[in-house]
1. Is one or more of the residues making up region 37-49 within 16 Å of the chain's Cα centre (by Cα), surrounded by 15 or more Cβ atoms within 10 Å (Cβ to Cβ) and in contact (Cβ under 8 Å) with a residue 60 or more places away in the chain?
2. For residue 147, are the conditions met, namely being modelled with pLDDT of 95 or more, within 21 Å of residue 51 (Cβ to Cβ) and surrounded by 13 or more Cβ atoms within 10 Å (Cβ to Cβ)?
3. Could you tell me which of the residues 19, 28 is buried (at least 19 other Cβ atoms within 10 Å of the Cβ) and closer than 21 Å to residue 183 by Cα?
4. Is it the case that residue 167 is closer than 18 Å to residue 73 by Cα and surrounded by fewer than 19 Cβ atoms within 10 Å (Cβ to Cβ)?
5. As an exercise: evaluate residue 140 against (1) under 22 Å from residue 170 (Cα atoms); (2) touching a residue at least 12 places away in the same chain (Cβ under 8 Å) and give the number of the one condition it does not meet.
6. Test residue 196 against the criterion of being more than 26 Å from residue 61 (Cβ to Cβ) and either in a strand (DSSP E or B) or modelled with pLDDT under 95 (or both), and give yes or no.
7. Quick check on region 152-159. Is at least one of its residues farther than 23 Å from residue 108 by Cβ, surrounded by fewer than 20 Cβ atoms within 10 Å (Cβ to Cβ) and touching a residue at least 12 places away in the same chain (Cβ under 8 Å)?
8. For region 1-48, give me the residue count where each residue is out of contact with any helix residue (DSSP H, G or I) (no Cβ under 8 Å at 6 or more places or on another chain), in a helix (DSSP H, G or I) and closer than 19 Å to residue 87 by Cβ.
C-alpha cells in the first residue's frame, strides 16, 4: 500500500481535484505519509482522506494539505512560515521542503514528541518545534511571511495577524459549526481576505496538553 503506483494514484486524484503547483505535487509524491501514522493505520496512508492520530486529532486529507500549501505559495516563495497545530508532523514535513524555515507549534506534547522524531528521521533540519498554544503565535520570531493553521478558530486571532509580515499570507480554516478556508494577505493598507471553500478541521483550542 506504500508502493509508487499507490502514490501516483493519489497524485492523479489531487490533479483531478485542481491542484496544479508541480512543486507541491512532487513533495506530496515523495514524502512518506505512512511514517506519520501509527502502524495500524499505515496501510491507508495514500488514501485521500483524513486519518486519526490519537488525542481526538487527525492527519489532514492529502488534498487539503496540498491545497493549503498551494495557496500559501501562490503569490511567491516563503522564507519564514509559522504552522499552527502541527499534529503528526506531516504538513510540517511538506512545508519544510518548500519554504526557507518552518516554526511549528503543537499544544499536545506526545504528538509533538513523535513529530520531532519523524522529522529528524527525514533529516528535515529547517524546522523549529514548540509545545505551546498556537493561537497566541510565536512571540519573538515574527514577522512571518506565511502562517498556516490546521485548526479552526471561531475568528482569526489578532495575535496571528499581528505576527504576519506585510506581503505575508495566512491560510487557515475559520468557523465553528460551518468552517470556511480563509486566505488573508497583509498589505501596507491592512488585511485582504479571500474565502476559498468549505472545510472541516478540529477546533483551535487554548492552552496545552502534556
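The values are calculated or read from the model by the stated rules, or taken from the named source; none is laboratory data. Fair warning: this is a prediction, and the values are worked out from it, not measured in the lab. When we count neighbours, we look across all protein chains shown, and the Cβ atoms used for this are built from the backbone with ideal geometry, even at glycine.
1. Looking for residues that are within 16 Å of the chain's Cα centre (by Cα), surrounded by 15 or more Cβ atoms within 10 Å (Cβ to Cβ) and in contact (Cβ under 8 Å) with a residue 60 or more places away in the chain, one finds none in region 37-49, hence no.
2. On the way: modelled with pLDDT of 95 or more: yes; within 21 Å of residue 51 (Cβ to Cβ): no; surrounded by 13 or more Cβ atoms within 10 Å (Cβ to Cβ): yes.
No.
3. On the way: 28 fails: closer than 21 Å to residue 183 by Cα.
Just one listed residue meets the conditions, 19.
4. Criteria met by residue 167.
5. (2)
6. Judged against the criteria, residue 196 is not a match.
7. No, that holds for no residue.
8. 4
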